[in-house]
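S.K.: Quick one: structure below, then a few questions.
None of the figures in this text is laboratory data; all of them are computed from the coordinates on show. Predicted, not measured: the structure shown is a model, and the values here were computed from it. We place every Cβ from the backbone using ideal geometry, glycine too, and count neighbours over all the protein chains shown.
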Amino acid sequence: MDNNLLNEAINLTLFGMGFVFVFLALMVVLTSFMSAAVLRLQPFVPSTSVAPSQADNLIDEDTRSIIEKAIKLHTGA
């Protein structure tokens, strides 16, 4: 009786681990395929980040001094 129960436990363990392994491998393959498809189909959009020299012009002097004081207060300098 114990031999049959042990065989069933090993069988269930192997099937369970095999199912999880197949599921995760399939998920990795499909995710990689979807990522490649999106990169191929999506048009290239250049970054619209603001250059540091332009960012300086976007804030006024009062805001700049408040930010600098807050940074000095936070860093303890």
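S.K.: Could you give the angle, 0 to 90 degrees to the nearest 10, between helix 61-75's Cα long axis and the longest principal axis of the Cα atoms of the chain?
M.R.: 50 degrees
S.K.: Going by alpha carbons, how many degrees (0 to 90, nearest 10) lie between the helix axis of 2-41 and the longest principal axis of the chain?
M.R.: In the chain, helix 2-41 runs at an angle near 40 degrees to the longest axis.
S.K.: Above 21 angstrom, tally the Cα pairs of the chain and express them as a % of all pairs, no decimals.
M.R.: 69 percent
S.K.: If you take the charge dipole of the chain about its Cα centre, with +1 on Lys and Arg Cβ and -1 on Asp and Glu Cβ, which of L30, I71, F44 is farthest toward its positive end?
M.R.: Checked the options; the winner is F44.
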